[in-house]
Amino acid sequence: MNIRFLDPRAIGFYENNVDTYADDPMYDNKPWHNSLGNYDKIHGEHFDLAYQLNRNVPHILLAFHEDNPYESSYSGIDKYFSEVMTAAWKLDRSDSDVNQNDPNWLVRFVFLMGTHFMAMPPFHFSKDEKGVLLDDAYHQSRPLAIYVEGIKWLNMTLDILEGKMDEFHGIPVPNFGIHTKNYELLITPVAV
């Protein structure tokens, strides 16, 4: 398919006082990646992972520890998503930059979350003390959990595009009504 993604980090909005038009302000939503996206819990390995093959299809169960250090600060943070995004991007004003220039920002946000997670596993592979990569689900639980989180967000993107979601954390979801031939990613993550 020859699809490529540009990671906008570290490009900078301005180069020699000239707007690069290359930065994606969507990356400013990194705090949602860490909280709603569970990155901090995954990176800190505050989860249990169960992996099995069922008819040659991998199934991964991911359960976050209830006593993880992020639980109290991130619990219920989703209820602030609408308020924060509305205030930051002036979503309540029809003449705001986002409403004028990026009316599909929400589906792009969800898609970006998924693609960001899907690009991260190689940076999280674990090696033993000799620098050897141990290729099994136990030793690579963190990159597997990151991959699962990415699949969850990409599946959510499909749900949005197919009109299966009415709202996302208090933000109404536009009806795209796109039929994607029910493509479903092979690994179905289940967060417990």
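Observations
- Close amide H contacts of Phe47 (hydrogens built in the peptide plane, cut-off under 5 Å, sequence separation of 5 or more or a different chain): His65.
- Probe 1.4 Å - accessible area at Val148, Å² to nearest ten: 10
- Calculated P(r) of the range 35-174 - Cα pairs past 28 Å, %: 29
- When Glu129, Glu162 are compared by accessible surface with a 1.4 Å probe, the order from highest to lowest is Glu129, Glu162.
- For Ser75, the accessible area of its heavy atoms, probed at 1.4 Å with every protein chain present, is near 80 square angstrom.
- Accessible-area ranking of Lys130, Lys30, Lys90, Lys164, largest first, probe 1.4 Å: Lys130, Lys164, Lys90, Lys30
- Karplus (6.51, -1.76, 1.60) ³J(HN,Hα), θ = phi - 60°, over the range 128-140, in Hz, Gly and Pro reported as x: 7, 5, 8, x, 8, 6, 9, 8, 8, 4, 5, 6, 10
- Listed values for the range 102-116 are Karplus-derived 3J(HN,Hα) couplings in whole Hz (6.51 cos²θ - 1.76 cosθ + 1.60, θ = phi - 60°), namely 8, x, 9, 4, 5, 5, 5, 4, 5, 5, 4, 4, x, 5, 4, and x replaces Gly and Pro.
- Percentage of interatomic Cα-Cα distances in the range 16-118 larger than 16 Å: 69
- Accessible surface of Asp135 - all protein chains present, 1.4 Å probe, nearest 10 Å²: 140
- The modelled label-to-label distance between Asp135 and Leu91, using points 7 Å beyond Cα along the C-beta direction, is 4.3 nm.
- Phi to ³J(HN,Hα) by Karplus 6.51 cos²θ - 1.76 cosθ + 1.60 over the range 63-80, Hz, x for Gly, Pro: 10, 7, 5, 5, 9, 5, x, 9, 4, 5, 7, 9, 5, x, 5, 4, 6, 9
- Heavy-atom surface of the range 47-192, accessible at 1.4 Å and reported per residue (Å²): 63
- Surface composition of the range 89-143: carbon plus sulfur atoms contribute 52% of the solvent-accessible area (1.4 Å probe, protein chains only, all chains present).
The values are calculated or read from the model by the stated rules, or taken from the named source; none is laboratory data. Predicted model only: the values in this text are computed from it and were never measured. Positions of Cβ are backbone-derived with ideal geometry, glycine not excepted, and every protein chain shown enters the neighbour counts. Just so you know, the surface numbers come from the protein's heavy atoms only, side chains and all, with ligands and any DNA or RNA stripped out. Shrake-Rupley method; radii C 1.70, N 1.55, O 1.52, S 1.80 Å.
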